[in-house]
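Heads up, the thing below is written out as structure tokens.
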Amino acid sequence: MFKHRSIATLVEAGHLYKAGRLDEADALARQTLKRNRSNSDALRLLGLIAVRKGDYEQALRHYSEARRIDPRNPQYPYLIAKALTVAGRLDEAVAWYDHAAAAKPGDRLVHAWKAAALERAGRLDEALDVVAPFIDRGGEDELMAEVAARIAQQRGRHEDAIDLCDRHLARRDLPAVARHVLAFLKAHSLDRLDRLDEAMLAYEEANAVLAVPFDPDEYARGIDEIVDTFSSEALRTMAEASSTDDRHVFIAGFPRSGTTLVERIIAAHPRGAGVGELEFFRELALKPGDGIEPYPRGMARLKAGSLTMAAAAYQERIPKAARSASRVCNKSLDNWRVLGLISRVLPASRVIWCRRNALDTCVSCYTRELMPGAMPFATDLAALGHVYRQHERLMLHWADTLDVPILEVRYEDVVADLDRQVARMLDFLGLPEDDRCLNFHEAADPATSLSYDQVRKPIYSSSTGRWQRYEAYLEPLIDALMGGGAGKSATGKR
């Protein structure tokens, strides 16, 4: 009877996981594990949940324990390898893909992911060696095609990249996410060949594949609610945690505004560390607990004790390798929306606000393969302009009202004078100057965001003013950015 109950509970947990109800799925999986500590399926599900939450160390612990219990199961080396890949531990990931290949000889998916990890690590020849036999006989899957196209682009073979993308874009059975990514890759190569009309058509196709409904008025109302909740008057009476931990640095910025660049500069310091896009505060905002309404409505009911507990829980989510650092950077793309909550949980933290020319930022968002499920505005130029204005409005509000120190860092200034801007950041963080921050691209730890290929390079200026190449297509974006006072300041036309 207990076995059947455990199976039913785990099936329900699996449905909750697929529905995105991660906390409920986690609770049921742990309930199953309490009944049977050797239930490797429960451990596997807990690992999957941890990956979705961005807690890769926890995922690896669960997967490793599941493998200890069921050592002959071929899926565990593969799951460990994928968790290491998304954690940015790419050399370790490659070794585990080799274990997975030994457990499942000839598995094309294992080879594809190994190639992807090698490409992300900059080991291009090895990545190509993995996929070339499949490509030579026309047997590559879409992930292999993506890897090979990225390598071709990095080596300047843009016609080859376009041909490879077109081969798969012509497929009727191509999954939507793969079509989204490959259409972007094709567009990037067309851009590099100065075939801008074709490039823009490919960008439009790529964005249309995964486009989801977006209501700009509803979005603006959400920002209104945050501004009203965190008025100067409300902040004077709002509870805050007793935490005095001043290690934490929250990088806040619009997507593609230089957040990864700033994180890598700080993480290159011997006393700095980056934890990537740790989503703790987004999760806390959605579910603060104790029947309290989600952020921002529930803020007035949060007590100092609950906020102090949240501060302790955040410390636990920090990877062990980063806990000894003097400054720990979190660059979650939701930081800018939840800075009010962050300031109450970690009142001794610091904020770096990344800013970049609005047109360059929005064009970069439109021409990169952001996931529309998380950023539904990214597939439409007018929506991008609207959300950028709301972002500016809220960030200016935080700068006026929050007690936590906020340093504004402009991408264009970093590109123009890296030495001075790095010195500003380190002074703001109370860290001594160190040349390793100037040579951030040489740091051992790879970036795990969309910008992984860019932060391996020294600073460059080719992205500055890139919007002008596409000016003829940008009327909806420019109109949206100029739609109000915040839009005018966002474009730099004060």
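Keeping to the stretch 10-67, report how many residues are more than 17 Å from TYR78 (Cα to Cα) and polar (S, T, N, Q).
5
Out of all the residues in the stretch 75-89, which are free of Cβ contacts under 8 Å to residues at least 60 places away in the same chain and either closer than 20 Å to PHE134 by Cβ or part of a helix (DSSP H, G or I) (or both)?
Those that are free of Cβ contacts under 8 Å to residues at least 60 places away in the same chain and either closer than 20 Å to PHE134 by Cβ or part of a helix (DSSP H, G or I) (or both): GLN75, TYR76, PRO77, TYR78, LEU79, ILE80, ALA81, LYS82, ALA83, LEU84, THR85.
If you check PHE214 against the conditions, is it among the aromatic types (Phe, Trp, Tyr) and modelled with pLDDT under 95?
Working: among the aromatic types (Phe, Trp, Tyr): yes; modelled with pLDDT under 95: yes.
Yes: the conditions hold for PHE214.
Before we move on, is CYS362 in a helix (DSSP H, G or I), touching a helix residue (DSSP H, G or I) at 6+ places or on another chain (Cβ under 9 Å) and in contact (Cβ under 8 Å) with a residue 24 or more places away in the chain?
Numbers: in a helix (DSSP H, G or I): yes; touching a helix residue (DSSP H, G or I) at 6+ places or on another chain (Cβ under 9 Å): yes; in contact (Cβ under 8 Å) with a residue 24 or more places away in the chain: yes.
When the stated conditions are applied, CYS362 passes them.
Can you run down the residue pairs with Cβ atoms below 9 Å, 6 or more apart or on separate chains, where the first is in the stretch 152-180 and at positive phi and the partner is surrounded by fewer than 18 Cβ atoms within 10 Å (Cβ to Cβ)?
Once the first residue is at positive phi and sits in the stretch 152-180, its partners that are surrounded by fewer than 18 Cβ atoms within 10 Å (Cβ to Cβ) give GLY156/ARG192.
For the stretch 366-376, give me each residue that is in contact with a helix residue (DSSP H, G or I) (Cβ under 6 Å, 6 or more places away or on another chain) and under 29 Å from TYR314 (Cα atoms).
Listed by number, the residues that qualify are LEU370, PRO372.
ASP125 fails exactly one of the following numbered conditions: (1) farther than 25 Å from GLY276 by Cβ; (2) surrounded by fewer than 20 Cβ atoms within 10 Å (Cβ to Cβ); (3) of a type outside the set (Lys, Arg); (4) at pLDDT below 95. What is the number of that condition?
Every condition holds for ASP125 apart from (4).
Okay, residues lined up against (1) in a helix (DSSP H, G or I); (2) in contact with an Asp or Glu (Cβ under 8 Å, 6 or more places away or on another chain); (3) hydrophobic (A, V, I, L, M, F, W, C); (4) not assigned by TED's automatic domain parsing to the domain that holds GLU277:
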position	(1), (2), (3), (4)
LEU16	yes, yes, yes, yes
LEU43	yes, yes, yes, yes
ARG61	yes, no, no, yes
PRO71	no, no, no, yes
ASP91	yes, no, no, yes
ALA95	yes, no, yes, yes
ASP98	yes, no, no, yes
GLY106	no, no, no, yes
ALA116	yes, yes, yes, yes
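Of all residues in the stretch 226-241 being at pLDDT 95 or above and of a type in the set (Val, Ile, Thr), which is farthest from TYR295 (Cα to Cα)?
For the stretch 226-241, the residue satisfying everything is VAL227.
Just give me the residues in the stretch 450-491 being under 22 Å from the mean Cα position of the chain (by Cα) and at pLDDT 95 or above, in sequence order.
Residues satisfying the conditions do not exist here.
All but one of (1) of a type outside the set (Ser, Thr, Tyr); (2) farther than 15 Å from LEU286 by Cβ; (3) modelled with pLDDT of 90 or more hold for ASP26, so report the exception by its number.
(2)
Just one of ILE7, ILE49 is assigned to a helix (DSSP H, G or I) and farther than 27 Å from LEU286 by Cβ; which is it?
Working: ILE49 fails: farther than 27 Å from LEU286 by Cβ.
The conditions single out ILE7.
Residues being of a type in the set (Lys, Arg), touching a strand residue (DSSP E or B) at 6+ places or on another chain (Cβ under 9 Å) and surrounded by fewer than 17 Cβ atoms within 10 Å (Cβ to Cβ): count how many of those fall in the stretch 302-352.
1
For the stretch 125-141, state whether one or more residues are in the same structural domain as ASP163 (by TED's automatic domain parsing), in contact with a helix residue (DSSP H, G or I) (Cβ under 7 Å, 6 or more places away or on another chain) and either small (Gly, Ala, Ser) or more than 22 Å from ARG171 (Cα to Cα) (or both).
no
I'd like to verify a number: residues in the stretch 329-354 that are part of a strand (DSSP E or B) and in contact with a Ser or Thr (Cβ under 8 Å, 6 or more places away or on another chain), how many? Steps first, answer last, please.
Keep residues of the stretch 329-354 that are part of a strand (DSSP E or B), which gives 329-330, 350-354.
From what's left, in contact with a Ser or Thr (Cβ under 8 Å, 6 or more places away or on another chain): 354.
Final tally of qualifying residues: 1.
Per-residue answers, yes or no, for (1) farther than 25 Å from ALA382 by Cα; (2) in contact with an Asp or Glu (Cβ under 6 Å, 6 or more places away or on another chain); (3) loosely packed, with under 15 Cβ neighbours inside 10 Å:
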| position | (1), (2), (3) |
| --- | --- |
| TYR203 | no, no, no |
| ILE226 | no, no, no |
| GLU233 | yes, no, yes |
| GLU240 | yes, no, no |
| SER243 | yes, no, no |
| PHE254 | no, no, no |
| GLU263 | yes, no, no |
| ALA267 | yes, no, no |
| ARG271 | yes, no, no |
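Please list, ordered by residue number, the helices (runs of 4 or more DSSP H) wholly in the stretch 238-318 having 3 or more residues that are out of contact with any helix residue (DSSP H, G or I) (no Cβ under 8 Å at 6 or more places or on another chain) and under 24 Å from GLN421 (Cβ atoms). First the steps, then the outcome.
On the way: elements: 259-267, 280-286, 304-317.
Answer list for the stretch 238-318: 259-267.
The values are calculated or read from the model by the stated rules, or taken from the named source; none is laboratory data. Predicted model only: the values in this text are computed from it and were never measured. Cβ: placed from backbone, ideal geometry, glycine included. Neighbour counts: every protein chain shown.
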